[in-house]
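Before any comments, here is the structure.
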Amino acid sequence: MNLTRRGFTTLAAAAVGATVVGCGSNTDPDAPGDSQAAGDKFTYWSMWTEGEDQQKVLASEIENFTKETGIEVEVQWSGREVLTQVVPRLNAGNPPDLVDNGSPDFISRLGVDNLMDLSDVYDMDIPGEDGKKVSDVVPEALMASMLKEGGEPFLVPYEVIGATLWFNANVTPQFEDAPPQSWEEFMAALDELKAAGRTPLALDGDIADYCAYWVEWGVLRAGGPGALTGAAQDPTGARFSDPAWVVATDNVEKLVQGGYFPEGFRGSKFPTQQASWADQTSKTDLILMGSWLPSEASGSLEKSGGDPSSIAFGSFPFPSVGENLGEGLVEAQPIGFAIPEKARQAAAAKQFVAYFMHKDRIARIASEAKNLTPRTDVEPPAELAGFAEEYGNAKTTVLFTDGVGTAEPKWVTDIWQPAIGKLFDGNLTGDAFRQELADKTVEYHKNG
């Protein structure tokens, strides 16, 4: 499952509504909605659709929550466009009491000013965990991507996605035993693979964001968090000449010009290269991809009649680049619960959030939905063990593309993505790529 691409089907809210009924005993004929007293129920609109693994886990725990507390949850499985449906209700002053989505989606589509400060939720005891608070189970390194400008948290995460370097240990066991630590070691490993007749790197080049992973990771590893977004927001364009940008983009130029990617990768259509990596028809070895790769690659293999167990998924962190100011940086984007500012039953919704953060409950996101949770004490799916270790050791985390898609969305679509295409087509050198970004960024801010 890919949570970053936008090819999702919008579902009509009325068609997907579902209610899990609890056993609240207090009644008030004047209470809004029905005879249930205020505080005995809340509404929850979710980004998942019925039948998805995360939906099954959440629905089951909602049922358990209702049995234990008597609080009724009116849940609507709205799908990926849930926030689009929330906006008119928010404007009317009658939003759902609880919503889930990715951190950048809340920022860009609802605005954090329209979301409650959840500091009190972080201070709540997790029911059944002997005084352990919500704040005790969410790593500090993850918090920066979930804060308002004043430092108040607007999100409580239950899932984490990110991108890392993947390999099949059945094909390249050397990466399991001794993954390259530096860019120089990485290139030496790629050259060994090329000498053996392999194509080292798989990439579906028709997706600009996937190509961009190679640039953004180099920039962030060399320059640290904010190196990409800071350059996009610099009206002088000067930051594109920083050492981090020079070394990172020159590295990518060499990858493109040196034939490390499959022939014709820019002209193929996703998921051709990813699927060819999975079934080894392309003889490719490494793929820089999101944490959804295991589910997507296994699914494509199964669909084509292959055996998903032929892939022993392994991963390792992007190697050090340049001055390595981004040492310990991990791309970890949280998905979680938020409460609209005008929610009428926020107290009940907060009870469920704290309830779901219990280790045994949230662990089902890993064991049944095969995704990473924010809790580092939850056993990750075997396929994500490498990424889980990377996340657990994180010194700091950033959103995809350093969060620039949230901070400067028009810059991404009008400047960044077209330039990325030219670089990966081989039509721009690293130097020309940086110059184009600088020139167009200056123009962007003048016209902004």
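The values are calculated or read from the model by the stated rules, or taken from the named source; none is laboratory data. None of the values given here were measured: they were computed from a predicted structure. When we count neighbours, we look across all protein chains shown, and the Cβ atoms used for this are built from the backbone with ideal geometry, even at glycine. Side chains are part of the model used for accessible areas, which takes the heavy atoms of the whole protein and leaves out ligands, DNA and RNA. Shrake-Rupley method; radii C 1.70, N 1.55, O 1.52, S 1.80 Å.
For region 353-373, the set of residues classified as among the aromatic types (Phe, Trp, Tyr) and surrounded by fewer than 20 Cβ atoms within 10 Å (Cβ to Cβ) is empty. Residue pairs whose Cβ atoms lie under 6 Å apart, sitting 6 or more positions apart in sequence or on different chains, and linking a residue in region 270-296 that is closer than 23 Å to Lys370 by Cα to a partner that is open to solvent by 20 Å² or more (accessible area, probe 1.4 Å) and assigned to a strand (DSSP E or B), are Pro294/Phe313.
When Leu399, Leu384 are checked against the criterion of being within 25 Å of Ala59 (Cα to Cα) and either open to solvent by less than 40 Å² (accessible area, probe 1.4 Å) or modelled with pLDDT of 95 or more (or both), a single residue qualifies: Leu384. For Thr84, are the conditions met, namely being open to solvent by 30 Å² or more (accessible area, probe 1.4 Å), polar (S, T, N, Q) and over 23 Å from the mean Cα position of the chain (by Cα)? No; evaluated as a whole, the condition is false for this residue.
Does region 319-335 contain at least one residue that is closer than 22 Å to Pro96 by Cβ and either of a type outside the set (Ser, Thr, Tyr) or open to solvent by 20 Å² or more (accessible area, probe 1.4 Å) (or both)? The answer is yes, given that some residue of region 319-335 is closer than 22 Å to Pro96 by Cβ and either of a type outside the set (Ser, Thr, Tyr) or open to solvent by 20 Å² or more (accessible area, probe 1.4 Å) (or both).
Of the residues making up region 310-337, those that are touching a Ser or Thr at 6+ places or on another chain (Cβ under 9 Å) and not in a loop (DSSP other than H, G, I, E, B) number 12.
The single residue among Lys350, Lys283, Lys303, Lys342 that is crowded, with 18+ Cβ neighbours inside 10 Å and of a type in the set (Lys, Arg) turns out to be Lys350. The number of residues in region 256-285 being of a type in the set (D, E, K, R) and under 26 Å from Glu302 (Cβ atoms) comes to 4. Number of residues in region 271-300 that are in contact with a Gly (Cβ under 9 Å, 6 or more places away or on another chain) and outside any helix (DSSP H, G or I): the value is 3.
It is to be established whether one or more residues within region 291-309 are touching a strand residue (DSSP E or B) at 6+ places or on another chain (Cβ under 6 Å) and either of a type in the set (Phe, Trp, Tyr) or modelled with pLDDT under 95 (or both). Scanning region 291-309 turns up no residue that is touching a strand residue (DSSP E or B) at 6+ places or on another chain (Cβ under 6 Å) and either of a type in the set (Phe, Trp, Tyr) or modelled with pLDDT under 95 (or both). If we scan region 342-363, do we find a residue that is acidic (Asp, Glu) and part of a loop (DSSP other than H, G, I, E, B)? For region 342-363, residues acidic (Asp, Glu) and part of a loop (DSSP other than H, G, I, E, B): absent.
Against the list (1) modelled with pLDDT of 95 or more; (2) in contact with a Pro (Cβ under 7 Å, 6 or more places away or on another chain), the condition Ile365 fails is (2).
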